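The values are calculated or read from the model by the stated rules, or taken from the named source; none is laboratory data. Since we're looking at a predicted model, the values are computed, not measured. Reconstructed Cβ throughout: ideal geometry from the backbone, glycine too, with neighbour counts over all protein chains shown.
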Amino acid sequence: MKFFILAALALCFAGPAAAAFEDEGLTEAAASTETVRNGDEDEDLALIQQSDEDLAAFVTDYIRKDMQLKGAFLIEDKASKKIFKLELASIEPKAQAGENGGRAVSADFRDAAGKKVTVVFHLQNGPWGGLDIFKLELKRPQEKPKTTKKKT
């Protein structure tokens, strides 16, 4: 019986306390997990410090895991709106400088017709301290225009 009286008494006092927190805006501050930032988030990104071999290994691991899940590496060509099913041929061992302190690693693939396709993986430091692939860029080789020979 005493337990029920104490529980009812605690509930009576909990209502005004919650209202006081709400009036002062304390519930928002306590529940917020965002940090206040001055400026753009991109300015806070540090340069990638990993070696070219580590970056190539990271991209290779990403491609192999994706191929295990899907059976092939799939990527959409934005121009033609087609999805290509690619098989890995090789990874460029040297990474190029990218935007905002990031790096770019190129990988050569073969499509279903056997044509060479290059995919550029743009890397940056991830929010958890690791690497993050933030953009994939498909580069198809330029097809040569067919010339017609005139018979003379």
Which is within 21 Å of the chain's Cα centre (by Cα), at pLDDT below 85 and assigned to a helix (DSSP H, G or I), of 28, 43? 43
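If you take the residues of region 73-103 that are crowded, with 16+ Cβ neighbours inside 10 Å and of a type in the set (Gly, Ala, Ser), which of them is modelled with the lowest pLDDT?
My answer is 98.
Where residues in region 62-106 are of a type in the set (A, V, I, L, M, F, W, C) and assigned to a loop (DSSP other than H, G, I, E, B), which of them is farthest from residue 52 (Cα to Cα)? Spell out the reasoning first.
First pass over region 62-106, keeping only residues of a type in the set (A, V, I, L, M, F, W, C): 63, 67, 69, 72-75, 79, 83-84, 86, 88-89, 91, 95, 97, 104-105.
Then drop every residue that is not assigned to a loop (DSSP other than H, G, I, E, B), which leaves 72, 79, 95.
On the way: 72: 25, 79: 31, 95: 5 Å.
Here the residue is 79.
Within the bounds of region 64-86, is there any residue that is among the acidic types (Asp, Glu) and over 21 Å from the mean Cα position of the chain (by Cα)? Can you show your working first?
If we filter region 64-86 for residues that are among the acidic types (Asp, Glu), which is where we start, we get 66, 76-77.
Still in the running and over 21 Å from the mean Cα position of the chain (by Cα): none.
Scanning region 64-86 turns up no residue that is among the acidic types (Asp, Glu) and over 21 Å from the mean Cα position of the chain (by Cα).
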Residues in region 107-118 that are in contact with a Lys or Arg (Cβ under 7 Å, 6 or more places away or on another chain), in a strand (DSSP E or B) and not basic (Lys, Arg): how many? 3
